[in-house]
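First comes the structure, then the notes that go with it.
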Amino acid sequence: FMKDGPKNRLRDMDLHKIVDAFNKRLDIAKYSRMVSVEEIEKNDFNLNLPRYIDSQQAEDRQDIEGHLKGGIPKADVDALQRYWDVCPDLRKALFKPVMDKTRPNYLDLAVDKAAIKTTIYEHQQFVGFINEMNAWFTQWQSHVATQLKQLKPGFHPKTLIHDLAEVLLSHYTGKPLIDHYDVYQHLMDYWAETMQDDCYLIAAPADDGGGWQATTYRVIETDKKGREKDKGWACDLIPKSLIVARYFASEQAAIAALEAETESLAALLVELEEEHGGEEGAFAELEKINRANVNARLKEIKDDMEAKDEIAALTAWLKLADEEADNKKMLREAESALDAKALAKYPKLSEAEIKTLVVDDKWLAAMDARIHGEMSRISQALTQRVKELAERYEAPLQTMVDRVAALEMNVNRHLEKMGFAWR
């Protein structure tokens, strides 16, 4: 389940797993198993679940010898076996036996602690696993893309998501490291957030605006006084960002460059104001730093030979402010032009283009990002656990004793220099 404040909520994946475990009589460690009547009878017919299933997570134990003498317990490394099954050589790349041959159950890091992440992410077998999983998703993606692009008005969205989800669940069943129910949940979450509404739009009769139609509309907001304000336009099926990314990438890149330049100019202005701020700075005489006050101050001191530095600073501020204003104007004009181009593109879209934008650029791209996020989570979990073990046992007792002794000597030396004798 998922924690939701004081409540526990069953997600789609939890419901599916419960139903699967029951209908298929699955034995899942710490989750479900078949119990004989004889065992129930031995428990006086008490059906309290903890009597039959220990669902508690194994405690992360602290190894006393590891803390005393150093070394990562081999048992903790063995507990990561599901990773070593996929990348057997990665274990050897990360760990090596301790120097003391009489301690075969302890290991040391084979790489610097700062290089743990790089060693994992760049290991040939791990890269191969990630590439294999990416290809596995692409296989599902290619299959469902064809199916989704064949949707016609009148189809049943609930039937569609059931079929898609079951195929995805089956597709990832048995795959190493990744939980197929987690993948299933990603699809169900995206369905609830976005895809469901899109599918109901497409499933509606063509006369009611259904089918593969990308219809734009004005966004009108009404304030508390009943006054209406036009907030621009939108399209539910194909957001503007998808149109821009596919057809107007160069224009968007130019806008991004303008934004970066404008932010840089704003930062230079702030830097200049901070440099010449303070009681004796060039801006000290200004009640507020703005164009009008700067111009007025320049007129006031233009003939003052002793105010050269102040004039230079104020002039530099004006120059930067003018450049920033020009950039902001160009940015507004570029954004307005791009907005107009994007809006004009919608009526020209063919049905094939709409399908590509919705299925490939919107739905499957979103799922691709979520599945990649799941793979990143798996990678990060291994990295974090190895780093945790390394840090836990990197300073054995004797090292800490020596460190305390060295610090104590330093403190005593400082005290003696200060005239205090410490024993």
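Contact list please: Cβ distance under 7 Å, first residue in region 42-67 and within 24 Å of LEU109 (Cα to Cα), second residue part of a loop (DSSP other than H, G, I, E, B) and modelled with pLDDT under 90, pairs at least six apart or on different chains.
So the pair list comes out as HIS67/PRO396.
List the number of the failed condition for VAL386; all other conditions in (1) surrounded by 11 or more Cβ atoms within 10 Å (Cβ to Cβ); (2) farther than 24 Å from ASN131 by Cα hold.
(2)
Among the hydroxyl-bearing types (Ser, Thr, Tyr), loosely packed, with under 10 Cβ neighbours inside 10 Å and without any contact (Cβ under 8 Å) to a residue 40 or more places away in the chain, is that true of SER36? Walk me through how you get there before you give the answer.
Working: among the hydroxyl-bearing types (Ser, Thr, Tyr): yes; loosely packed, with under 10 Cβ neighbours inside 10 Å: yes; without any contact (Cβ under 8 Å) to a residue 40 or more places away in the chain: yes.
In short, yes.
Mind checking which helices (runs of 4 or more DSSP H) fall wholly inside region 1-93 and carry at least 1 residues that are in contact with a Leu (Cβ under 6 Å, 6 or more places away or on another chain)?
64-69, 74-78, 81-86
Assess whether GLU324 counts as being more than 30 Å from GLN213 (Cβ to Cβ) and open to solvent by 60 Å² or more (accessible area, probe 1.4 Å). I'd like the intermediate steps shown before the answer.
Values: more than 30 Å from GLN213 (Cβ to Cβ): yes; open to solvent by 60 Å² or more (accessible area, probe 1.4 Å): no.
Criteria not met by GLU324.
When you go through LYS308, LYS288, LYS299 one by one, which is the residue that is in a loop (DSSP other than H, G, I, E, B), modelled with pLDDT of 85 or more and loosely packed, with under 14 Cβ neighbours inside 10 Å?
Details: LYS308 fails: in a loop (DSSP other than H, G, I, E, B); LYS299 fails: in a loop (DSSP other than H, G, I, E, B).
After ruling out the rest, the residue left standing is LYS288.
Of the residues that make up region 270-278, is at least one surrounded by 15 or more Cβ atoms within 10 Å (Cβ to Cβ) and in a helix (DSSP H, G or I)? Steps first, please.
Looking only at region 270-278, we keep the residues that are surrounded by 15 or more Cβ atoms within 10 Å (Cβ to Cβ), and these are 272-273, 276.
Then drop every residue that is not in a helix (DSSP H, G or I), which leaves 272-273.
Checking region 270-278: at least one residue is surrounded by 15 or more Cβ atoms within 10 Å (Cβ to Cβ) and in a helix (DSSP H, G or I).
Quick one: TRP422 ticks every box in (1) modelled with pLDDT under 90; (2) touching a strand residue (DSSP E or B) at 6+ places or on another chain (Cβ under 8 Å); (3) not charged (D, E, K, R) except a single one, so which number is it?
(2)
Among the residues of region 120-175, what is the count of those that are open to solvent by 80 Å² or more (accessible area, probe 1.4 Å) and touching a Gly at 6+ places or on another chain (Cβ under 8 Å)?
Number satisfying all stated conditions: 1.
Looking at ALA267, ALA249, ALA253, which is the one that is under 27 Å from the mean Cα position of the chain (by Cα), loosely packed, with under 12 Cβ neighbours inside 10 Å and under 30 Å from ASP322 (Cβ atoms)? Full working, then the answer.
Details: ALA267 fails: under 27 Å from the mean Cα position of the chain (by Cα); ALA249 fails: under 30 Å from ASP322 (Cβ atoms).
Being under 27 Å from the mean Cα position of the chain (by Cα), loosely packed, with under 12 Cβ neighbours inside 10 Å and under 30 Å from ASP322 (Cβ atoms) holds for just one of ALA267, ALA249, ALA253, which is ALA253.
Quick check: is even one residue across region 332-340 among the aliphatic types (A, V, I, L, M) and open to solvent by 40 Å² or more (accessible area, probe 1.4 Å)? Step through it out loud before you land on a result.
First, the residues of region 332-340 that are among the aliphatic types (A, V, I, L, M): 334, 337-338, 340.
Those left that are additionally open to solvent by 40 Å² or more (accessible area, probe 1.4 Å): 337, 340.
Among the residues of region 332-340, at least one is among the aliphatic types (A, V, I, L, M) and open to solvent by 40 Å² or more (accessible area, probe 1.4 Å), which makes the answer yes.
Which residue pairs have Cβ atoms under 6 Å apart, sit 6 or more places apart or on different chains, and have a first residue in region 208-219 that is within 19 Å of LEU242 (Cα to Cα) and surrounded by 12 or more Cβ atoms within 10 Å (Cβ to Cβ) and a second that is β-branched (Val, Ile, Thr) and modelled with pLDDT of 95 or more?
Filtered contacts from region 208-219: TRP212/ILE354; ALA214/ILE238; ALA214/ILE354.
Based on what the data block shows, is ASP198 without any contact (Cβ under 8 Å) to a residue 12 or more places away in the chain and under 23 Å from GLU351 (Cβ atoms)?
Values: without any contact (Cβ under 8 Å) to a residue 12 or more places away in the chain: no; under 23 Å from GLU351 (Cβ atoms): yes.
No.
Mind telling me which of the residues LYS3, LYS7, LYS17, LYS24 ends up being of a type outside the set (Gly, Ala, Ser), in contact with a strand residue (DSSP E or B) (Cβ under 9 Å, 6 or more places away or on another chain) and surrounded by fewer than 11 Cβ atoms within 10 Å (Cβ to Cβ)?
LYS3
Determine whether GLU335 is at pLDDT below 95 and part of a helix (DSSP H, G or I). Show your work before the answer.
Details: at pLDDT below 95: no; part of a helix (DSSP H, G or I): yes.
Judged against the criteria, GLU335 is not a match.
Before we move on, is ILE202 under 28 Å from VAL167 (Cβ atoms), open to solvent by less than 20 Å² (accessible area, probe 1.4 Å) and modelled with pLDDT of 95 or more? I'd like the intermediate steps shown before the answer.
Values: under 28 Å from VAL167 (Cβ atoms): yes; open to solvent by less than 20 Å² (accessible area, probe 1.4 Å): yes; modelled with pLDDT of 95 or more: yes.
So ILE202 fits the description; yes.
Need pairs with beta-carbon distance below 8 Å; first residue farther than 17 Å from ALA145 by Cβ and within region 366-385, second in a helix (DSSP H, G or I) and aliphatic (A, V, I, L, M); sequence gap 6+ or separate chains.
GLU374/VAL183; MET375/ILE130; MET375/MET133; SER379/ILE120; SER379/ILE130; LEU382/ILE120; THR383/ILE116; THR383/ILE120
Output the residues belonging to region 345-359 that are assigned to a helix (DSSP H, G or I) and either open to solvent by 50 Å² or more (accessible area, probe 1.4 Å) or polar (S, T, N, Q) (or both). Walk me through it before giving the result.
Going through region 345-359, the residues assigned to a helix (DSSP H, G or I) turn out to be 345-348, 351-359.
If the condition is that a residue be assigned to a helix (DSSP H, G or I) and either open to solvent by 50 Å² or more (accessible area, probe 1.4 Å) or polar (S, T, N, Q) (or both), then PRO347, LYS348, GLU351, ALA352, GLU353, THR356 are the ones that fit.
From (1) open to solvent by 70 Å² or more (accessible area, probe 1.4 Å); (2) modelled with pLDDT under 95, pick out the condition that doesn't hold for PHE283.
All conditions are met except number (1).
Can you tell me which of (1) among the small types (Gly, Ala, Ser); (2) modelled with pLDDT of 95 or more; (3) farther than 30 Å from TRP84 by Cβ is the one GLY210 doesn't meet?
Single failed check for GLY210: (2).
Report yes if GLU259 is touching a residue at least 12 places away in the same chain (Cβ under 8 Å), in a helix (DSSP H, G or I) and in contact with a Leu (Cβ under 8 Å, 6 or more places away or on another chain), otherwise no. If you could, list the steps in order and put the result at the bottom.
Working: touching a residue at least 12 places away in the same chain (Cβ under 8 Å): yes; in a helix (DSSP H, G or I): yes; in contact with a Leu (Cβ under 8 Å, 6 or more places away or on another chain): yes.
It is true that GLU259 is touching a residue at least 12 places away in the same chain (Cβ under 8 Å), in a helix (DSSP H, G or I) and in contact with a Leu (Cβ under 8 Å, 6 or more places away or on another chain).
Output the residues belonging to region 244-274 that are of a type in the set (D, E, K, R), modelled with pLDDT under 95 and touching a helix residue (DSSP H, G or I) at 6+ places or on another chain (Cβ under 8 Å).
The first filter runs over region 244-274 and keeps only residues of a type in the set (D, E, K, R), leaving 246, 251, 259, 261, 263, 271, 273-274.
This time we only want the ones that are modelled with pLDDT under 95, so: 271, 273-274.
Within region 244-274, GLU273 is the sole residue that qualifies.
The values are calculated or read from the model by the stated rules, or taken from the named source; none is laboratory data. This structure is a prediction, so every number in the text was calculated from the model and none was measured. Neighbour counts run over all protein chains shown; Cβ positions are idealised from the backbone, glycine included. Side chains included, ligands, DNA and RNA excluded: accessible areas come from the protein's heavy atoms. Shrake-Rupley method; radii C 1.70, N 1.55, O 1.52, S 1.80 Å.
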